[in-house]
């Protein structure tokens, strides 16, 4: 097995875990806290599902996701491969990660740790609805990165 194939396998596994966890959060966790803020935010933090340490999962996974993508691309380029699916995958990975750090992470922290802070209920409801809708776009980026990684791996193996 070459270094390129190993890098693609690593990235494919990581992006698969990220995609699966993101789908779970989108359909199970997000509806629990975004149902009717601020009440649902406060209730979520106190509920059994809210006691999950979501950050403990994402904190090591996101750097692995980014490093796996960039590493696979670097190894691909050094091997002389310019697979469009892999390049598209890495672009989507970097975009999703940058967007997560700039928008999603700070806002979900404000929603969950601060219960929305001093934001009026109507505005908080609007903000959480927007966050949930934009998360679907972010999950589309993750889905494309997953598809690109698996496509690159399938054409390589």
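The numbers here are math on the coordinates, done by the rules we state, and not lab data. Given the structure is predicted, the values throughout are model-derived calculations rather than measurements. No Cβ is skipped: glycine too gets one built from the backbone with ideal geometry, and neighbour counts run over all protein chains shown.
Under the rule a/c < 1.5 gives rounded, and otherwise a/b versus b/c splits prolate from oblate, where does the range 3-156 land using the Cα gyration tensor? Prolate.
Ranked for footprinting exposure by Cβ neighbours inside 10 Å, fewest first, 24, 65, 11 give 24, 65, 11. Seen against the Cα atoms of the chain and their longest principal axis, helix 84-99 is set at about 30 degrees.
Rounded to the nearest 10 degrees, the angle from helix 3-24 to the longest Cα principal axis of the chain is 20 degrees. Dividing the summed -39500 (n - 2.57) terms of all DSSP H runs of n ≥ 4 by the residue count of the chain sets its mean residue ellipticity at 222 nm at -26000 deg cm²/dmol. Under the simplified labelling scheme, the residue 55-residue 2 pair shows an inter-label distance of 4.2 nm, with each label point 7 Å from Cα along Cα→Cβ. Taking the centroid of alpha carbons for each part, the range 127-154 and the range 51-103 are 12 Å apart. Taking square-rooted eigenvalues a ≥ b ≥ c of the alpha carbon gyration tensor, is the range 92-138 rounded, prolate or oblate, where a/c under 1.5 means rounded and, failing that, a/b exceeding b/c means prolate? Here the range 92-138 falls in the oblate category. Note on 15, 90, 28, 108: ascending count of other Cβ atoms within 10 Å places them as 28, 108, 90, 15, the fewest first. Working from label points 7 Å from Cα in the Cα-to-Cβ sense, the residue 134 to residue 155 distance is 3.3 nm. Ranking of 14, 87 by neighbouring Cβ atoms within 10 Å, starting from the fewest: 87, 14. Stretching residue 87 away from residue 114 to a fully extended chain increases their span by 5.9 nm, per 0.36 nm per residue minus the current alpha-carbon distance.
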